[in-house]
């Protein structure tokens, strides 16, 4: 399923909450701040054969730094997805810590 998702699947959910399962019994809420394409569009993408790489930026609570790893993340429309998150830190945001996911 992850290999079929595109930036458009997430763009509709910017500013929406996502639930992340950190540990058994520990669930946090992340907010999707940004969904944007990155890099060059592959030539086969014009024919619908290959998706364009994209980046997602999430914001989580300031008091809980998550380590870099794959987390089960839930969204009512997208279902549960195993997404590899990389902590970016506060990025100048007083409201929380940022995390990035890259899809190739």
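Out of 34, 91, report the one residue that is part of a strand (DSSP E or B) and either touching a strand residue (DSSP E or B) at 6+ places or on another chain (Cβ under 6 Å) or touching a residue at least 40 places away in the same chain (Cβ under 8 Å) (or both). Please lay out each step first, then the result.
Details: 91 fails: part of a strand (DSSP E or B).
After applying the criteria, what remains is 34.
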Q) In region 76-104, what residues are within 17 Å of residue 9 (Cα to Cα), surrounded by fewer than 16 Cβ atoms within 10 Å (Cβ to Cβ) and more than 11 Å from the chain's Cα centre (by Cα)? A) 76, 77, 79, 80, 104
**Q.** Complete set of residues in region 13-27 that are at pLDDT 95 or above and outside any strand (DSSP E or B)
**A.** 13, 14, 15, 16
Q) Which members of region 62-88 meet the condition of being free of Cβ contacts under 8 Å to residues at least 24 places away in the same chain, closer than 21 Å to residue 6 by Cα and either out of contact with any strand residue (DSSP E or B) (no Cβ under 9 Å at 6 or more places or on another chain) or not in a strand (DSSP E or B) (or both)? A) 76
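The values are calculated or read from the model by the stated rules, or taken from the named source; none is laboratory data. Everything quoted here is computed from the prediction, not taken from an experiment. Heads up, the Cβs are rebuilt from the backbone with ideal geometry, glycines too, and the neighbour counts pull from every protein chain shown.
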